[in-house]
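Values quoted throughout were computed directly from the atomic coordinates according to the rules given, and no laboratory measurement underlies them. Please read these numbers as outputs of a predicted model, since none were measured by experiment. Here the Cβ positions follow ideal geometry from the backbone for every residue, glycine too, while neighbour counts run over all protein chains shown.
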Amino acid sequence: YVSQSVEPVLGLRPENLLGKSCFDMIHPDDRESVRAATQRLSGIDTVSTVVFRTWRADGTVAWVESKFKLATQPSDRAQTEFLCVIRDVTERKRMEDELREKGADELEQLIRREIGGTVKATSSVRTGSPHQEILREAEEQGVDLIVVATHGHSGVEHILFGSTADRIVRHAKCPVLT
């Protein structure tokens, strides 16, 4: 079954998609992340979400967010059936890219203005869980010290949710100055 909603999202008629593999419609650079999302499904009660590129009927690229769920419990992984719900996130992706680019430019200006050439400084704009992205960046860059300011949650919120700085301190492989 292919929902009628595929027509306003991708400009494709449902009957033209019946019997086709959804992987044929995924941009080649995104196929591995979609495969990984489907492999994360451990049973019919799990859902996996992934954002990837596909093509509209007019040949333009569309970014979609897809939520995958197993339609049946697989006895043969090669014959697995999925329930897949997609929504067009092209505009959201465009805005995220624009914000990331603007953020990177502003961060570079801040470094030049405030730090200048006094210390070696690099910038990186990433999306995701803040503490995980900071730790990932630190590891990738081989940094010797992470410096992080603390603010945000206090009281019960701090006890329940912790802080980004706390998570960095607990998991960093190098010293952390807060």
Under DSSP H, which helices of the chain have Cα atoms covering 18 Å or more of the helix axis and a Kyte-Doolittle average no less than 1.0?
none
Aspartates and glutamates whose Cα lies under 15 Å from that of LYS173, excluding same-chain neighbours fewer than 8 positions away
GLU133, GLU137, GLU139, GLU140, ASP144
Taking a crude spin-label model, label points 7 Å out from Cα along the C-beta direction, the ALA71 to VAL125 distance in nm is 4.1
Please give, to one decimal in nm, the separation of the simple spin-label points placed at ARG170 and LYS20, each 7 Å out from Cα toward the Cβ.
4.7
Going toward the positive end of the dipole of the chain, with +1 on Lys and Arg Cβ and -1 on Asp and Glu Cβ, which of VAL125, THR60, ALA37 do you reach last?
ALA37
Max mean-square fluctuation residue, GNM over the chain, Cα-Cα springs under 10 Å, options HIS131, HIS151, HIS27:
HIS151
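Report, in deg cm²/dmol and to the nearest 500, the calculated mean residue ellipticity at 222 nm for the chain, where each DSSP H run with n ≥ 4 adds -39500 (n - 2.57) and the sum is divided by the residue count. Kindly include the intermediate steps, with their values, before the conclusion.
Working: 6 runs with 62 residues, N = 178.
After summing the helix terms and dividing by residue count, I get -10500 deg cm²/dmol.
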